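Below you will find the structure I want to go over with you.
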Amino acid sequence: MRAIFFIAAFQFAIPVFTQGQSLDSLRQSIEATVDSNKFEVTMDAMRLLLDRDNEAALELSLLAISYASKDNDSLSIAKGLYAQSYILGQLERYDESIVVARRIIGIAKRNGFDSEYGRALNNIATSYTLLGKYDKALEHYFQSLILNERLNRIESASITLNNIGLVYYKLSNNEEAIKYYKKSLEYKKKTNSSYDLDRLYINMALCYTNSGELSLVEDLIKQALDICKGSCSDIILVEAKFGLGVVYKAQGKLELSELNFKEALRLARALNEKRFEIESLKNISIIFSDKAVYDSALLYLSAATDIAIKYKYSQILLDIYKQYSEVYGKLNDYKNEALYAKKYSNLKDSAFSVELIRNLATIQADYSERENLSTIADNERVIRAQRYLNFAIAFIGLMAFAFIYLIMRNTQTDTGGRKENKGTRAR
């Protein structure tokens, strides 16, 4: 998940915050600020606490919203709510994050706040993705994409396209995932943007690994790491190490794969990145199973299961149940093999219901129809423009012909008149 970034324009002197300040100290500094500037100062203090103490940052986001509400400032309220929604997501309280983001949408629609509307859509879509509700995630990502393209916000559209690709990757639809990743890359090149380009390359690498195109994978991860040139953020290192683990596993290089997954696991735990922690645990378990070290395989699966259930990662839990069944099958423990096969089947029916599949088809069809209608409209505009151009050329040609004809006629008239005058004088 990306770090939030706020830009505030301050009209008055404000307190200078430092990394070591406690929440109480920050509150005191905020209280000492003039009322008209309290919202901006609170947001600045909240930004300082992000990813360092998200619980304290959440408290400050609520305080900022209260100041904005006192001023009856709709834009500031929307910004404060966005901060609250984002932090709830960071705390993996996704259902709450969605509820708050829906409040932003109401305010944004009433007041025409397109930027806040787009951000809220992305927050909702991200939460639904992490909850494994992929139909709802795609619905909101496509709404965000349509908004960004309508406003010609190409860089924002590229980020949304990357996220759409990730949803399709989660749905094991590599063809669609690559399609949206490539379009995201095209937009980034168009705007000469490197923001999140490293993450995009890693996402593409994972997708190509799944489709068996391993020759592309290592190069993409190398490109991702070259972008930050030795100063990569920890989250990018987590994703890169995880990606390399997947690649080496697919190549049968189990020792190298295990080494990279364990490094990804270490970094994920340090960052409290639960999704990569579970994914790394699951993949390490698979490696131990492939090496016939079944006790260790079950130990890692148990750790992954606890986190997946607690944080409602239904898609990953589905993979875990499948892996449990396979491990117990290798151990000839048919009772547990059947137990986890049943759990897998029940969860799959729930996670990938007929309704979900139907919703995904409808959402994709709706977006494709919008694209087609947009293409048709663009074509019609081109045809109309060409028709007008042809008409203009014909009109200009006609006028030029008429002008030349008049000049020639006048010339002939003048010549005839001069001849007649000359003849008269001769007599």
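The values are calculated or read from the model by the stated rules, or taken from the named source; none is laboratory data. Here the structure is a predicted model, which means the values were calculated and not measured. Please note: Cβ atoms are built from the backbone with ideal geometry, for glycine as well, and neighbour counts cover all protein chains shown. Accessible surface areas use protein heavy atoms only, side chains included; no ligands, DNA or RNA. Shrake-Rupley method; radii C 1.70, N 1.55, O 1.52, S 1.80 Å.
Name the residue that is modelled with the highest pLDDT, counting only residues in segment 14-41 that are in a loop (DSSP other than H, G, I, E, B) and surrounded by 12 or more Cβ atoms within 10 Å (Cβ to Cβ). Step through it out loud before you land on a result.
Of segment 14-41, the ones in a loop (DSSP other than H, G, I, E, B) are 14-22, 32-34.
Filter once more, so that each one left must be surrounded by 12 or more Cβ atoms within 10 Å (Cβ to Cβ): 14-15, 17, 21, 33.
Values: Ile14: 44, Pro15: 54, Phe17: 55, Gln21: 65, Thr33: 80.
Going through the qualifying residues, I end up with Thr33.
Please work out if Lys109 is open to solvent by 10 Å² or more (accessible area, probe 1.4 Å) and modelled with pLDDT of 90 or more.
Working: open to solvent by 10 Å² or more (accessible area, probe 1.4 Å): yes; modelled with pLDDT of 90 or more: yes.
Yes: the conditions hold for Lys109.
Please find, within segment 337-360, the residue that is nearest to Leu317 (Cα to Cα) out of those that are at pLDDT below 80 and open to solvent by less than 60 Å² (accessible area, probe 1.4 Å).
To start, the set of residues in segment 337-360 that are at pLDDT below 80 comprises 349-360.
Next, only the ones that are open to solvent by less than 60 Å² (accessible area, probe 1.4 Å) stay: 351-353, 356, 359-360.
Numbers: Ala351: 10, Phe352: 13, Ser353: 16, Leu356: 18, Asn359: 22, Leu360: 21 Å.
It comes out as Ala351.
Do you know which residues across segment 25-84 are within 18 Å of Val100 (Cα to Cα) and of a type in the set (Asp, Glu)?
Glu55, Glu59, Asp73
Looking at segment 218-236, can you tell me whether even one residue there is of a type in the set (Ser, Thr, Tyr) and closer than 19 Å to Tyr169 by Cα? Give the steps one after another, and end with the answer.
Quick first cut of segment 218-236, residues of a type in the set (Ser, Thr, Tyr) only: 231, 233.
So of that shortlist, the ones also closer than 19 Å to Tyr169 by Cα come out as none.
So far as segment 218-236 goes, no, none of its residues is of a type in the set (Ser, Thr, Tyr) and closer than 19 Å to Tyr169 by Cα.
Quick one: is Leu331 at pLDDT 95 or above, open to solvent by 50 Å² or more (accessible area, probe 1.4 Å) and not charged (D, E, K, R)? Steps first, answer last, please.
Details: at pLDDT 95 or above: yes; open to solvent by 50 Å² or more (accessible area, probe 1.4 Å): yes; not charged (D, E, K, R): yes.
The answer is yes for Leu331.
Determine whether segment 187-195 contains at least one residue that is touching a Gly at 6+ places or on another chain (Cβ under 8 Å), at pLDDT 90 or above and among the charged types (D, E, K, R). First the steps, then the outcome.
Residues of segment 187-195 that are touching a Gly at 6+ places or on another chain (Cβ under 8 Å), as a first pass: none.
No, there is no match, as no residue in segment 187-195 is touching a Gly at 6+ places or on another chain (Cβ under 8 Å), at pLDDT 90 or above and among the charged types (D, E, K, R).
Rundown of residues vs (1) of a type outside the set (A, V, I, L, M); (2) open to solvent by 40 Å² or more (accessible area, probe 1.4 Å); (3) under 26 Å from Ile316 (Cβ atoms), yes/no style:
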position: Glu116; (1), (2), (3): yes, no, no
position: Leu130; (1), (2), (3): no, no, yes
position: Lys133; (1), (2), (3): yes, yes, yes
position: Lys136; (1), (2), (3): yes, yes, yes
position: Thr160; (1), (2), (3): yes, no, yes
position: Ile164; (1), (2), (3): no, no, yes
position: Asn174; (1), (2), (3): yes, no, yes
position: Lys179; (1), (2), (3): yes, yes, yes
position: Thr191; (1), (2), (3): yes, yes, no
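Within 24 Å of Asn54 (Cβ to Cβ), over 19 Å from the mean Cα position of the chain (by Cα), open to solvent by 20 Å² or more (accessible area, probe 1.4 Å) and small (Gly, Ala, Ser): does that describe Ala270?
Working: within 24 Å of Asn54 (Cβ to Cβ): yes; over 19 Å from the mean Cα position of the chain (by Cα): yes; open to solvent by 20 Å² or more (accessible area, probe 1.4 Å): yes; small (Gly, Ala, Ser): yes.
The answer is yes for Ala270.
Name the single residue that is nearest to Tyr208 (Cα to Cα) among those in segment 231-258 being touching a Ser or Thr at 6+ places or on another chain (Cβ under 9 Å) and among the basic types (Lys, Arg). Can you show your working first?
Start the filter on segment 231-258 by keeping residues that are touching a Ser or Thr at 6+ places or on another chain (Cβ under 9 Å), which leaves 238, 241-251.
From what is left, the residues that are among the basic types (Lys, Arg) are 241, 249.
Details: Lys241: 16, Lys249: 14 Å.
Filtering first and then ranking leaves Lys249.
So which residues in segment 92-105 are at pLDDT 95 or above and open to solvent by less than 50 Å² (accessible area, probe 1.4 Å)?
Answer for segment 92-105, where residues must be at pLDDT 95 or above and open to solvent by less than 50 Å² (accessible area, probe 1.4 Å): Ser97, Ile98, Val100, Ala101, Ile104, Ile105.
Additional query: Can you pull out every residue in segment 292-319 that is more than 26 Å from Leu88 (Cα to Cα), in a helix (DSSP H, G or I) and hydrophobic (A, V, I, L, M, F, W, C)?
Within segment 292-319, Ala297, Leu298, Leu299, Leu301 qualify.
Now for a separate question. Which residue is nearest to the chain's Cα centre (by Cα), if the candidates are limited to segment 42-52 and must be open to solvent by less than 70 Å² (accessible area, probe 1.4 Å) and charged (D, E, K, R)? Give the steps one after another, and end with the answer.
Within segment 42-52, the first condition is being open to solvent by less than 70 Å² (accessible area, probe 1.4 Å), and the residues that meet it are 42-50.
Filter once more, keeping what is charged (D, E, K, R): 44, 47.
Numbers: Asp44: 25, Arg47: 21 Å.
Here the answer is Arg47.
Checking Leu317 against (1) open to solvent by 30 Å² or more (accessible area, probe 1.4 Å); (2) within 28 Å of the chain's Cα centre (by Cα), which single condition isn't satisfied?
(1) is the only condition that Leu317 fails.
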